[in-house]
Every structure is written in structure tokens, then in C-alpha cells.
Amino acid sequence: MFTRHDALKPAYDVVIIGAGGHGLAAAYYLARDQGIRNVAVLEKGYLGGGNTGRNTTIIRSNYLTPEGVKFYDESVRLWQDLSTDFDLNLFYSTRGHFTLAHTDAAMRTMRWRAEVNKHYGVRSEAVDADFVARALPMMDMSCAGHAPIVGALFHAPGAIARHDAVAWGYGRGADRRGVEIHQQTEVTGIRVAGGKVVGVETSRGAIATPKVLCAVAGFTPRILDMLDLHTPIYVHPLQAMVSEPVKPWLDPIIVSGSLHVYVSQTARGELVMGASLDPYELHASRSTLDFVEGLAAHMLDMFPFLSEVKVNRQWAGLADMTPDFAPIMGTTPVEGFYLDAGWGTWGFKATPVCGKTMSHTVATGRNHPLIEGFTMERFARYQLTGEKGAASVGH
Amino acid sequence: MKIIACPLNGPRPVSEFAYGGEVRRMPDPDLCTDREWSEYVFNRSGSPGLKYEWWCHIASGFWFVALRDTTRDVVLETHPAEAVRHGLALRPGESPELVAAARGTPSAPDTPSARDTPSARDTPS
């Protein structure tokens, strides 16, 4: 599927650190749309082996802030044609997405999100409990009696897709256009002269380059240390689990902020489930019994008939979190060093728009308009882009 | 890490504790620049390593400091909260006297209670 490259060249026009969805998407759009093909993507592990291969594959644009809604809506737009662009089936499936509200305060947030969404042409509605009950007749609307559902935010464009395939699709598209993907190649240093990037050091040799894009999610602080750059990013594991396959019964994607649960059913019939971030910092993708017990208990609050269904597998990724639950993207104080990070628990859905905007930013040296709300500088200016109400569960 | 040795209560399951974040030194808000203050409020040392962290045993309300390996998830040491006042988790080159002199105040503890009650900053330790 990919060209094998025996050795690194001595120089490239752009070096991308991280062959996950975001890094490969940036490489793809650099080659396809910006005409920049002398690019190396360096991956210390295997392609798509980081958070791209570990997320729960939910795609939506029902965010809270104008910056967020516009950004994620563009992403959903790009998702529509990806399978055709790649000639690779991404199993993209529009299912509809419910964010359940269990309190009046939550319902207020749903109405707020619906209004902002509608203002930007994104199809979201605040719906009542009857609407939810009709769409999900198998759900216990009282959630075991202690968290009754009062309504929801219904987002018709909500979808799921095959996460690995997105990395393969972008990777193959980039590879076919001359981008070099080097796996098992770890960046060990970034060389700077006069405040500008001049090259990178790797486990397989040194490369000269004027432009580096860093898209490594939970490994971001380690790369930033090489440049003495400081950000709010903190890393906690995010766990997930999947059930055995069962007959199709769940069409939409369900999220409950109160119960800290999200669930969807794949084309193979498996229930893919996630919950809150792990409670403390850890740089290891280990799984815990605490997590699977807690999530299973809340799943049974909503769907008690699942009590005999088996959990097949659990895993974790490393979420690079930010205080406002919005990413950190674009130029940095080091000229030629570009960052696509702080994607925490909300990065998979943004894969296409990150590739598009970061490729533009790297090619032109200036932040794409859609990412202006996500600059590293915003914290020094106390101008956070507050997406905590829409980005995640269990905070 | 499934069990933490609480200095007060002895070995307890990790689910009985709340994580309070890394021990960090607060700059004097009256003397630092807005940028320095924003760096204190928002920035974190995000890379893996050994870190001094605040932990609270929820049932007993007892706060303490743990030195934890954030890659292997192993607690190496625990210390009482007062240890921060006496120089635990200072940056290299810092001393409690140096920090206090820069702030023009007697050494004041960088504990959660001190952060929450501004008047505590001005009371002699």
C-alpha cells in the first residue's frame, strides 16, 4: 500500500512529525493542493498507531463557540467525499447524534448549542424527552431512576467511520503523490539557528529542513521540550472499550454528559463505548478495571437489557488536553515550527479540516483563517476559546 | 498504581484519592507581568517524568504531596503538605528564602488552602 523507503534523504522541504490522521492529512493536502511534495512524514511507531487508531470514531459539528462550529462544520463537509477521493471505503455512516440532557441546566446548554449551530447552517435541534424516547424505544428514560432524560441536542449529521482507514487513505494518497512516510523513525532533536528551524535529528540520521509540522497528540510536550516551548497541554489517558458483535439495534450515536458515557454501534454490530478522561496524568496507554466497571454500570443505567453482553476488548490513548478544550494550532514563536496539538479527546472528527488548514499554514507561513481562534498565543491574552461544554464528557 | 500509601491513613485503594495536579510555585501576582501570570495559570510541564503532585484522601480530607513517576505510575515518596513550605519541589537554584525575598514577604506556603484564601499569603509562616 505504501512505498518503502530505505533511507532518509539529507533534506526535505517539509518534515511532519507523526503519521497519524492529522499528520498524514496535512501531507496529503500539501501534495495535492499546495504542490509541495518533497515531504517526509516521520513516525516513531507504526502508521496510525497513536490516537488515530484508538478513538471511538465519532464525527460531528455540534459545538458551542462560533470558531468551533465553523471549524468542525468544514470538517464534516470534507468527510463526505473522502471515500471517493481515496478510492477506499471509510465506512462513513451518517447515524444522527444525541447529546442527552438530564437536567434543566444541561438543556439550556443544548438550546445554546442548537442556536449557534443553526446560525452557521449546521443542522442541530434541541428536542424533548418524547423525541428521544421515540428514537430510542429500548432506552430506560429514567436512567435507573436517578438521572431522568429531560431532552437532548439532536444533530442529524452525526456520523461514524473506520478510523484506521482514514490514516491509510490519507497516507496512500500522500504516498502516491511523492510524500515519503518513514515508520520506526523517532525525532530526537530539532535544530534551530537564529530563531528558525534548520533541521531535525532522528534515530535514523539527520535531515535539513526549513519547516517542521508537529502532530503527535499525547507526545507533544516531549517534542516541545526540544524547543523549550511551553503550553498548557497536559496528558491523561483516555480509555475505551468494545463489546462483542450483536444484531443491529442502535442507529444513532448517544452521548450522556451526566452519565459520562458515549456509545455507537458499528457496521459489524459491536458497541464502541467511551467515558471520561482518566483522573490523573499518565504517559502510558494502560487499561483499568475501574474504567470498564464504571462505564458498564452507566451503560446498564441506559440500556439494562445489555447485562449479558460481553466486553471484548479495552484500550487507551494519550489525550493532550488544554484548559479550554480547544486545540492549539498554527505558527509558534519558533519560525518554521508549526503545531497541530491540544486535540485531547476531540481530534478524530477534525482530521480532514486539520490537514487542510495546517497544509495551508505550513505552505504560506501564515495561519489559515479557520484556525485563528486556536493560536498558542491566546492563553497569554486570556482569550480562551471555551469548548468545554461541547467537546467532551466527564469533566 | 492501584494502592497509594497515604501518610495519614496508610495504604488505600487509588479510588479513595483525588488528584490535585502538580506542585507549582505561584509568582507574586502584585509583582509579576500579565504574561508571567498567564503562564502560571495556564501552562503546565506536560512531559513525562518524576513529578511532585498534590493528592487528597477524599474520605479524611487529608492533602499530601507525592513524588510519582508519571510514566510507570508508581509513587516513590510521600510528604506532608508543610514540606512545600520548607522547600520541597522548588525549581533548581531556588530556595525558600530566595522566593520569599523576591516577594517581599515571609516564606508563605504554596498549598491549596493558601491559594484559596488570599489573606493567608500575608500571615507569617
Straight-line reach check, B:LYS2, cutoff 12 Å on alpha carbons, 8 or more apart in-chain or any other chain, hits among aspartates and glutamates -> A:ASP290, B:GLU16, B:ASP73
Note: probe point = Cα of A:ARG77 + 7 Å toward Cβ; backbone nitrogen < 17 Å; residues of region A:97-141 passing the test are A:117-124
When A:SER142, A:SER83, A:SER307, A:SER61 are arranged by how many other beta-carbons sit within 10 Å of their Cβ, fewest first, they go A:SER307, A:SER142, A:SER83, A:SER61
Rounded to the nearest 500, the 222 nm mean residue ellipticity computed for the protein assembly as shown from DSSP H runs (n ≥ 4, each -39500 (n - 2.57)) alone is -7500 deg cm²/dmol
Among A:TYR382, A:ILE223, A:GLY23, the residue whose Cα sits farthest towards the positive end of the charge dipole of the protein assembly as shown (+1 at Cβ of Lys and Arg, -1 at Cβ of Asp and Glu, taken about the Cα centre) is A:GLY23
Counting Lys and Arg as +1 and Asp and Glu as -1 over every other residue whose Cβ sits under 12 Å from the Cβ of A:PRO237, the net charge comes to -3
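Hey, could you grab the Kirkwood Rh for the protein assembly as shown? Inverse mean 1/r over distinct alpha carbon pairs, Å, one decimal. Walk me through the numbers on the way to the answer.
On the way: mean 1/r = 0.0410 Å⁻¹.
Averaging 1/r across every pair of different Cα atoms and inverting gives 24.4 Å.
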For region A:142-158, Karplus-derived ³J(HN,Hα) couplings (6.51, -1.76, 1.60; θ = phi - 60°; whole Hz; x for glycine and proline) come out as 8, 6, 6, x, 10, 8, x, 7, 9, x, 6, 9, 9, 10, 4, x, x
Going fewest to most other Cβ atoms within 10 Å around each Cβ, A:LYS388, A:LYS44, A:LYS247 line up as A:LYS247, A:LYS388, A:LYS44
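Which net charge results for the neighbourhood of A:ASP290, defined as the other residues with beta-carbon distances under 15 angstrom from its beta-carbon, given Lys and Arg at +1 and Asp and Glu at -1?
-1
So, R0 is 45 Å and r is the distance between the beta-carbons of A:THR84 and A:ASP228; what FRET efficiency does that work out to, to 0.05?
That pair, A:THR84 with A:ASP228, gives E of 0.55.
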Least to most buried among A:LYS9, A:LYS70, by other C-beta atoms within 10 Å and fewest first, runs A:LYS9, A:LYS70
Around A:LEU306 (Cβ within 15 Å, Cβ-to-Cβ, excluding A:LEU306; K/R +1, D/E -1) the net charge comes to -4
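Over all directions, the average projected area of the alpha-carbon convex hull for region A:297-377 comes to how many nm²?
Computing the convex hull of the Cα atoms and averaging its projections yields 7.8 nm².
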Taking r as the C-beta separation of A:TRP112 and A:ASP140 and R0 as 45 Å, the FRET efficiency to the nearest 0.05 is 0.95
XL table A:LYS356/A:LYS388; A:LYS44/B:LYS51; A:LYS9/A:LYS211; A:LYS118/A:LYS356; A:LYS70/A:LYS349; Cα-Cα > 20 Å flagged, in table order, is A:LYS356/A:LYS388; A:LYS44/B:LYS51; A:LYS118/A:LYS356
Here the gain from full extension of A:THR103 to A:ALA206, 0.36 nm per residue of separation minus their alpha-carbon distance, amounts to 31.5 nm
The size of the Cβ-based charge dipole (Lys, Arg +1; Asp, Glu -1) of the protein assembly as shown about the Cα centre, to the nearest 20 debye, is 1060
With a Förster distance of 45 angstrom and the Cβ-Cβ distance between A:ALA156 and B:ILE3, calculated FRET efficiency to the nearest 0.05 equals 0.45
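FYI, it's all coordinate maths here, none of it is from the lab. In this text the structure is predicted, and so the values were computed from the model without any measurement. Heads up, the Cβs are rebuilt from the backbone with ideal geometry, glycines too, and the neighbour counts pull from every protein chain shown.
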